[in-house]
Amino acid sequence: MEGLFNPDAKDLVAGAAGSTYAIPRLGIPSIVVADGPAGLRISPTRKNDNNTYYCTAFPVATLLASTWDTELIGNVGKAMGNEVHEYGVDVLLGPGMNIQRNPLCGRNFEYYSEDPLVTGKIASAMVNGVESEGVGTSIKHYAANNAETNRMALNVIAGTRTLREIYLRGFERVVKHAQPWTVMSSYNLINGTYASQNYDLLTKVLRDDWGFSGMVMTDWFGGKDPVAQVAAGNDLLMPGTPNQTKAILEGVKSGKVTVKDLDRNVTRILNLILQSPKFKGYKYSNKPDLKAHTLVARQAASEGMVLLRNVNSALPLPAEAKKVAAFGNSSYDIITGGTGSGDVNEAYSVSLVEGLQNAGFTINENLNALYSAYLKTAKEGKKKSRGFMMGSEPIAEFTINSDIAGSMANISDVALITIGRNSGEGYDRSPGEGDFQLTAVEKETMKVVADAFHAKGKKVVVILNVGGVIETASWKDIPDAILLSWQAGQESGNSIADILTGKVNPSGKLACTFPVRYEDVPSSKDFPGKVLAVTEVKDKKPENGGMPSFMNPKPAEDVYSEGIYEGYRYYSTFNVPVSYEFGFGMSYTSFEYSNLKLSSPKFSGKMTLTADVRNSGKSEGKEVVELYITAPAKSIDKPAIELKGFAKTRLLKPGETQSVVFEVTKDDLASFIPGISAWKADSGSYTVKLGSSSKEIRLTGSFILASDITVKKESQSLLPQVKINELKP
Ligand code: GLC
């Protein structure tokens with residue numbers, strides 16, 4: 001069945017991404033689907049309607065993952081689901097959960113982590129939270145949509161172990177632990193076949209291997225051949241075009257589409273509709289509890305911010321440090337989230353300076369006036385948007401010279417310097433200045449401000465208002481403190497102030513690595529893929545059913561030759577230094593780990609580990625405890641460490657202790673062995689490492705697996721058509 005791109009599909013909720021056909025004679029209503037991962041995205045106003053339809057802009061997915069707090073994410077999901085339900089939408093098109101393979105992917109802000117366990121656990125919590133409100137989700141983009149450049153014709157070439165252990169693993173966890181109503185297939189090809197036309201991906205893996213019983217929809221205008229999509233098990237073609245309808249009807253007549261496949265797909269669509277609030281006749285209020293959700297957004301934001309540096313007790317700011325000199329465009333024009341379908345139409349956003357003023361600080365008015373006037377003029381000169389769904393052109397940083405810095409240092413107590421970065425759907429970031437790298441003006445500002453304030457014995461705090469990883473190694477020793485605030489949603493300024501004042505003790509930890517240089521990233525040599533000369537392309541320009549021109553990409557390919565060695569798996573195995581490691585995050589207090597106990601020295605199907613975490617510092621705080629395992633590399637190579645569990649303590653008072661418990665199953669010990677298409681745990685000695693980051697290991701232990709276990713046989717699927725020389729330690 002098709003979606004909205006047809007005259008008689010009604011615009012039931014203005015601004016929603018799409019809807020399905022109604023068939024009144026059969027009592028089948030039209031259901032509505034809308035984005036996105038950071039909150040519901042619908043139009044905030046409607047023609048001839050005085051009401052408003054604002055939604056809460058929650059923190060972006062990358063920040064949510066940095067909380068490492070599945071319970072909190074469930075609460076965020078519940079609040080988001082309430083807005084979906086009360087605004088008359090049936091399925092939220094989220095969470096986005098592709099692996100952050102490369103820091104420059106434009107949509108990394110919409111995704112959780114470089115690690116499949118963090119991705120799967122956080123996404124499961126989000127799905128359960130949203131769906132607890134009686135509406136559906138669509139986990140996306142299934143699978144291996146790790147770049148935006150040429151996304152609709154990019155062929156991802158990867159080995160089966162790489163796919164199963166890294167790019168599919170998070171989706172597998174969500175399907176098995178959260179039963180999402182729908183899955184959204186991705187634009188790209190995998191090993192030569194469009195994801196939305198890939199029977200291996202959508203039927204053999206998703207349904208036969210994992211037991212998914214919900215419905216699969218395409219991404220908007222995704223794929224090329226509607227007949228192949230029907231056959232592969234892609235049930236719903238979104239937003240749906242007349243060309244696709246025609247192709248399917250012709251397919252039925254010619255026998256290329258079997259009625260059996262069509263009935264199967266339609267059944268799944270009807271099962272989705274049967275679950276929907278629309279079918280149940282829910283009388284939605286159009287009045288979700290936005291006020292309550294604001295508190296959820298503010299709390300989640302402060303829990304996902306990561307304290308990267310704090311020397312000379314710079315933070316929390318002392319009570320008397322009330323006069324703040326705020327530098328950086330983003331101090332006055334906060335970036336609450338990324339661009340494209342992951343954006344939200346919120347009623348307001350709290351800038352950094354507003355958040356500081358709300359917390360009782362005095363912002364230097366001259367600086368405020370300088371930046372505000374500069375930003376106003378700069379914005380007038382810029383086009384509102386760079387193109388379909390793309391955000392506005394970034395504004396170059398206002399130049400701060402040593403005179404301004406010096407005069408501010410004389411009259412202010414502390415300097416804040418905000419570095420802002422944005423990106424979004426449809427395009428990837430740049431490794432150069434102004435994106436991954438700081439600009440010369442940003443570096444100069446940091447230098448002159450630090451020189452001036454340090455000369456007066458005053459502190460300098462850098463705030464990273466970014467949606468993804470940037471270069472930090474070359475400048476991180478200049479300021480006294482660095483707070484990674486990410487893009488924290490509409491309450492950003494208040495949440496940052498909560499951390500700076502110590503009202504909230506930072507407890508966020510990195511779910512992605514900050515490398516020293518972009519070139520250290522294993523995929524930096526091939527990202528975002530190589531455009532193919534026309535002769536290399538089997539099918540010429542992909543047909544696209546009348547989709548907007550910007551979606552006419554160049555056929556390209558990207559060979560994932562790093563294999564499973566992406567993110568910390570790579571840096572730890574190949575001993576590549578990083579600027580900030582996976583799992584890293586500081587606190588205003590300190591924690592001691594002790595008393596690691598394993599349920600047995602020998603693994604027999606399941607292992608329970610416990611340990612004690614004590615707040616050994618002077619302020620209350622929460623700690624994320626990370627469980628890594630080093631497995632014996634017998635039948636196949638293994639990374640130096642792999643994350644196998646994590647737990648976040650409650651708020652511990654100074655001196656208070658909490659025991660954390662981890663369950664390790666044979667699934668956790670197994671690697672995917674392509675030759676036998678099965679998950680297998682090798683016999684041998686396994687080392688357990690409990691850490692406050694992937695490098696700060698506090699406790700270790702070990703256990704023996706006496707004999708190999710073949711944990712699960714999988715279908716032979718997604719075989720690459722070419723030999724891939726995958727990286728090996
Ligand atoms: C977009 C995005 C997808 C979104 C959909 C509907 O192109 O790739 O994430 O849900 O279209 O807006």
Pairs K176/K246; K253/K554; K602/K713: which exceed 29 Å Cα-Cα?
-> K176/K246; K253/K554
Rounded to the nearest Å, the spacing of the alpha-carbon centers of segment 290-360 and segment 463-515 is 9 Å
Report the full-extension gain for the segment K554 to S132: residue separation times 0.36 nm, less the Cα-Cα distance, to one decimal in nm.
-> 147.8 nm
Along segment 105-110, Karplus-curve 3J(HN,Hα) (6.51, -1.76, 1.60; θ = phi - 60°) to the nearest Hz, with x for Gly and Pro, reads 4, x, 10, 4, 4, 8
Which whole-angstrom value gives the distance between the alpha carbon centres of segment 651-729 and segment 36-62?
-> 40 Å
Using only the Cα atoms of segment 88-154, each taken as one equal point scatterer with no solvent, compute I(q) by the Debye sum, divide by I(0), and report log10 of the ratio at q = 0.13, 0.27 Å⁻¹.
-> -0.38, -1.15
Starting from the Cα of S392, step 7 Å toward the Cβ, then list every residue of segment 485-518 with an amide N under 20 Å from that point.
-> 487-493
Put a dot 7 Å past each Cα toward the Cβ at K447 and D477; how far apart are the dots in nm?
-> 1.6 nm
For V311 and V259, what is the calculated FRET efficiency with R₀ set at 51 Å and r taken between the beta-carbons, to the nearest 0.05?
-> 0.15
Rotationally averaged projected area of segment 568-686 (alpha carbon convex hull; nm²) = 8.6 nm²
Rounded to the nearest 5, what % of the DSSP beta bridges within the chain are antiparallel ones?
-> 60 percent
Determine ³J(HN,Hα), in whole Hz, for all residues of segment 331-340 in sequence, where each value follows from phi through the Karplus function 6.51 cos²θ - 1.76 cosθ + 1.60 and θ = phi - 60°; x replaces Gly and Pro.
-> 5, 10, 9, 5, 9, 8, x, x, 10, x
Net charge over other residues, Cβ less than 13 angstrom from the Cβ of T137 (K, R count +1; D, E count -1) = -2
Measuring from centroid to centroid over Cα atoms, what is the spacing of segment 622-647 and segment 418-461 in Å?
-> 34 Å
Out of every Cα pair in the chain, what percent are spaced more than 37 Å from each other?
-> 39 percent
Quickly estimate the mean residue ellipticity at 222 nm for the chain, helices only: each DSSP H run with n ≥ 4 gives -39500 (n - 2.57), and the total goes over all residues, rounded to 500.
-> -7000 deg cm²/dmol
Provide the FRET efficiency to the nearest 0.05 for the T399-E320 pair, computing r from the beta carbons and using R0 = 25 Å.
-> 0.25
Nearby lysines by direct alpha-carbon distance to K323 (threshold 25 angstrom, same-chain neighbours under 8 apart not counted) = K376, K443, K447, K456, K458, K459, K476, K503
How many nm separate the modelled label positions at K503 and L651, each set 7 Å beyond the Cα in the direction of the Cβ?
-> 1.2 nm
Net charge near P37, counting Lys/Arg +1 and Asp/Glu -1 over other residues with Cβ under 12 Å of its Cβ?
-> -1
So, relative contact order of the chain in percent, Cα under 8 Å, 6 or more apart, is 15 percent
Taking a temperature of 25 °C and a viscosity of 0.890 mPa s, what whole-number D in µm²/s does Stokes-Einstein yield for segment 305-504 with Rh from Kirkwood over alpha carbon pairs?
-> 145 µm²/s
Nonlocal amide H pairs with I157, under 5 Å, H built at 1.01 Å = N191, D558, V559, Y560
Note the full-extension length gain between L274 and R25 as 0.36 nm times their separation in residues minus their Cα-Cα distance, in nm to one decimal.
-> 88.1 nm
Work out, step by step, the length gained on full extension between K530 and Y282: first 0.36 nm times the residue separation, then minus their alpha carbon distance; give nm to one decimal.
-> 84.4 nm
Formal net charge of residues neighbouring I400 (Cβ-Cβ distance under 14 Å; K, R +1; D, E -1) | -3
Under the 7 Å Cα-to-Cβ spin-label approximation, T45 and E433 lie apart by a distance in nanometres of 4.1 nm
If we sort 442-452, 702-712, 498-508 on the protection proxy, mean other Cβ atoms within 10 Å, highest first, what's the order?
-> 498-508, 442-452, 702-712
Sorted by chain and number, the residues with a modelled amide H under 5 Å from that of Y580, at a separation of 5 or more or across chains, are F514
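Every number in this text was worked out from the coordinates using simple rules, so none of it is lab data. Values in this document were obtained by computation on a predicted structure and should not be read as measured data. A quick note on method: Cβ atoms are made from the backbone with ideal geometry, for glycine too, and the neighbour counts reach across all protein chains shown.
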